[in-house]
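What follows is a set of notes on a single structure, which appears directly below.
The values are calculated or read from the model by the stated rules, or taken from the named source; none is laboratory data. Just so you know, these numbers come straight off a predicted model, no measurement behind them. Cβ placement follows ideal geometry from the backbone for every residue including glycine, while neighbour counts extend to all protein chains displayed.
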Amino acid sequence: MGIFTAELIATALMILLGNGVVASCLLKNTKCDFGGAAQWLVITTGWGFAVFVGVVVASNVSGAHLNPAVTLGLALAGKISWNLVPIYIVGEFIGACLGAFLVYLFYKEHFKITEDESLKRACFCTEPAIRNYFSNFFSEFLATFVLIFVILYISGASITLPNETNAQIGLGSLGALPVAILVWAIGLSLGSTTGYAINPFRDLAPRLVLSILPLKTKSDWKYAPVPILGPILGAAFAAFIYLITKS
């Protein structure tokens with residue numbers, strides 16, 4: 001229950017803040033009114049900080065996966081037991097649904113006056129800048145490969161002092177920064193083609209929530225397999241390459 005609760009709460013916070021920054025930038029009559037490159041910088045930075053918040057909350061309990069692609073990659077690399085995978089995945093999915101619903105509640109008045117369906121949909125799920133399913137799949141595959149491969153090499157942010165019992169020098173909550181910076185870098189460098197889901201539930205759960213909300217906005221289920229399969233296969237390939245390089 002500790003792992004389940006930690007993943008649920010932390011994933012909900014990540015989605016609330018991550019999709020929240022998108023809503024802040026795109027919905028009508030918010031105080032965040034600008035576009036272009038500056039808007040993308042705000043969104044990618046907001047998502048990086050959203051991951052930081054989630055990792056801080058859950059890292060000491062569950063390791064803060066917040067993403068079934070991370071859970072899969074760690075399991076394939078032998079970093080966690082396969083018996084724990086369902087617990088992580090259920091917590092992540094429910095948390096992502098909750099976070100998406102909270103974004104709707106928070107920005108409800110702004111959703112009401114925003115007419116553009118694509119802008120409202122972007123506050124929940126991803127869609128490509130240029131729709132080419134193979135290219136879009138490759139974008140999600142490669143971006144998730146980078147995410148998981150680097151995560152597998154991130155070491156703990158603490159130093160155990162020799163000859164000292166239980167004495168450590170660490171960064172505390174700042175130990176969550178490496179993953180947050182990694183997500184930020186991926187968003188800036190590899191995210192502009194598809195909106196960088198790099199997390200099946202970051203896309204699937206909010207898309208499901210969108211489909212049942214009274215927003216009169218299509219959920220674009222035709223595109224949904226791309227941000228699901230791309231990250232899953234990218235994570236599996238990252239674990240495979242990691243095992244080869246470590247052997």
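Observations on the structure shown:
- Test: residue in region 25-34 that is over 24 Å from Leu210 (Cα atoms) and modelled with pLDDT under 95: yes
- Of the criteria (1) in contact (Cβ under 8 Å) with a residue 12 or more places away in the chain; (2) over 18 Å from Pro200 (Cα atoms); (3) among the small types (Gly, Ala, Ser), which one Ser81 fails: (1)
- Selection within region 29-40 - touching a Gly at 6+ places or on another chain (Cβ under 9 Å) and over 25 Å from Lys112 (Cα atoms): none
- Checking each residue in region 26-62 for being closer than 27 Å to Phe240 by Cα, surrounded by fewer than 20 Cβ atoms within 10 Å (Cβ to Cβ) and in contact with an Asp or Glu (Cβ under 9 Å, 6 or more places away or on another chain) picks out only Val61.
- Of the residues Val61, Val150, the single one that is farther than 19 Å from Gly187 by Cβ and in contact (Cβ under 8 Å) with a residue 24 or more places away in the chain is Val61.
- Considered as a group, the residues in region 72-129 that are of a type in the set (Val, Ile, Thr) and within 21 Å of Thr11 (Cα to Cα) include one that is surrounded by the fewest Cβ atoms within 10 Å (Cβ to Cβ), and that residue is Val90.
- Taking each residue of region 106-122 that is in contact (Cβ under 8 Å) with a residue 40 or more places away in the chain and looking for partners that are surrounded by fewer than 12 Cβ atoms within 10 Å (Cβ to Cβ) and not basic (Lys, Arg) with beta-carbon atoms closer than 7 Å, six or more apart or interchain, yields His110/Asn29; Ile113/Asn29.
- If you go through region 172-208 and keep only what is at pLDDT below 95 and β-branched (Val, Ile, Thr), you end up with just Val179.
- For beta carbons closer than 6 Å, sequence separation of 6+ or different chains, a first residue in region 19-39 that is over 16 Å from Glu127 (Cα atoms) and a second that is surrounded by fewer than 14 Cβ atoms within 10 Å (Cβ to Cβ) and of a type in the set (A, V, I, L, M), the qualifying pairs are Lys28/Ile113.
- Scanning region 210-233 for residues that are of a type in the set (A, V, I, L, M) and either buried (at least 24 other Cβ atoms within 10 Å of the Cβ) or closer than 13 Å to Tyr133 by Cβ (or both) gives Ala224, Val226, Ile228, Leu229.
- Residue match in region 30-40 (condition: of a type outside the set (Lys, Arg), closer than 20 Å to Phe201 by Cβ and either outside any helix (DSSP H, G or I) or touching a His at 6+ places or on another chain (Cβ under 9 Å) (or both)): no
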